[in-house]
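To start, the structure under review is shown below, and the notes come after it.
Read-outs: derived from the displayed coordinates by stated rules, not from any lab. Small disclaimer: the values here were computed from a predicted structure and weren't measured. Here the Cβ positions follow ideal geometry from the backbone for every residue, glycine too, while neighbour counts run over all protein chains shown.
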Amino acid sequence: MAPFETIADGVHAVRIPMPGGGLPYSLAYLVEDHGGRLLVVDPGSPTDEATGSLLDAVDALGRTPLDAASIVVTHLHADHAGGAAALRAATGAPVLMHAREAQAVETIARGLPSPDLDAWGVPAGRRAELRAVASAPVGPAVAPPDAVLTDGELLDVPGRRIRVLWTPGHTPGHLCLHDEDAGLVFTGDHVLPTINSGLGLGGPSATNPVGDYLAGLERIGALDGQALPGHEQPFDGLAERCAALREHHLRRAREVAAHPGGTVWEIASGLTWTGGWDALAGFTLLSALSQTALHRDFVGRGGLRSG
Ligand SMILES: [Zn+2]
C-alpha cells in the first residue's frame, strides 16, 4: 500500500492502522505549508505501528520528522489523538486541540461517572454486562496539549488560510479545519461519508450534544469543498451528507418523542437499530442506551421545537 494518497496540492492522506478489530484505519493528513514544513492532522492510534506509518509517509514525501511544524487533533479519541505524544517526541512539534477538548481530557483523566442504570430502567438481568463495559478503561490517556485553539482562529500555517471551526457533539471540543483557499474541510469524526458517529463521547457536557451536533452540521454543511474525514475516505457532497445526518438525528428525536414518559430502556427497545435491538449487548447496548438518553434529553429541552 502506498504510504500516502495525495488529495490536493500539498495535502496528503495517510491510512493509520487501528488496533482492536473495529475500524481498520483512521486517516491522518499531512499538509505542506509554503515554508517547507508540515501540519499533521490527527496522528492516530497510540501504537508504534501507527506512528511508524505516519513517519514513513513523511519520509516518502522527502521530509524529515523535524519538518513537522505542528500537530492538530480534531478530538481526544485514541484513534485520532492517541499517537500525538509519540509524534511530538519524534518531531518536537507542539500538539494543539480545542480549549474545550483540553478540559475534557482532564475531566476524563479524573474518571467519568457510571451511567445511572436504575434511572434508565435497565432490567436487573442486563445490568452486569453494562456495568462491566461502563467501567472498562476508555483507552490510553491522551496527553494534554501544548496550546489550545479557539473557534474562528487561523492556524499558523504559512501560505495557507486554515480556519479552526469548533463543532461540538461527537465530543465537547471536537473541531473541524477549513482550508479556505484550497476548498478542503477536515471533518474528523464530525462528518464521515457513511458512518453515523456517536454523540456525547467526550465526558459530561452542560449543553445537549445532539443540539450542539445539529448546529455544527448546519455550519459545516454550508461550507463548499471536499471533505477530508477521520475514517473511510475523502468525499464530495458535504452539504448533502450533513443534511442526511441532521435528518437521521431529527428522525431519532421524533421517534423518542413518540414515547413520552418512557424510561430510556423502554424507549430504546422500541426504536429501530442496525442489526436489531435483540442483537445489542455489552458495549453496543450501552452505546444504544446512551444515544437514546441524549435524544430524550434533547427532546426534553425543546430541541425539536427549534430544530
Ligand atoms: Zn472519535
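Some observations on this one:
- Proximal charge balance of GLY35 [Cβ under 13 Å; K/R count +1, D/E count -1]: -1
- Calculated FRET value between ALA109 and ARG131, using beta carbons and R₀ = 35 Å, to 0.05: 0.95
- Debye intensity ratio I(q)/I(0), log10, region 95-186, q values 0.10, 0.13, 0.25 Å⁻¹ (C-alpha model): -0.42, -0.61, -1.23
- Low-density loop cleavage sites - GluC sites (Glu not before Pro) in region 80-189, where at most 16 other Cβ are within 10 Å (DSSP): GLU153, GLU180
- Each stretch of four or more DSSP H residues adds -39500 (n - 2.57); spread over every residue of the chain, this sum gives -10500 deg cm²/dmol at 222 nm.
- What you get for the chain, charging only the Cβ of Lys and Arg (+1) and of Asp and Glu (-1), is a dipole of about 980 debye around the Cα centre.
- Sum of side-chain charges, HIS178 neighbourhood, beta-carbon under 15 Å (Lys, Arg +1; Asp, Glu -1): -3
- Radius 12 Å from Cβ of LEU286, net charge of other residues (Lys, Arg +1; Asp, Glu -1): +2
- Of the trypsin sites (Lys or Arg not before Pro) found in region 247-307, those that fall in a DSSP loop while having at most 15 other beta-carbon atoms within 10 Å are ARG301.
- With both labels modelled 7 Å from their Cα along Cα-to-Cβ, the ASP48 to GLU153 distance reads 3.6 nm.
- Using 0.36 nm per residue and subtracting the Cα-Cα separation, the extra length available between HIS248 and ALA141 on full extension is 35.4 nm.
- Antiparallel bridges, percent of DSSP beta bridges restricted to the chain (to nearest 5): 65 percent
- Treating r as the C-beta distance of ILE195 and HIS34 and R0 as 45 Å, the FRET efficiency rounds to 0.85.
- Label-to-label distance, GLU266 versus ALA89, with points set 7 angstrom from Cα along the beta-carbon direction: 5.3 nm.
- Extending 7 Å from the Cα toward the beta-carbon at both ALA119 and ALA279 defines two label points whose distance is 3.1 nm.
- Acute angle (nearest 10 degrees) that the helix 209-221 long axis makes with the longest principal axis of the chain, alpha-carbon atoms: 40 degrees
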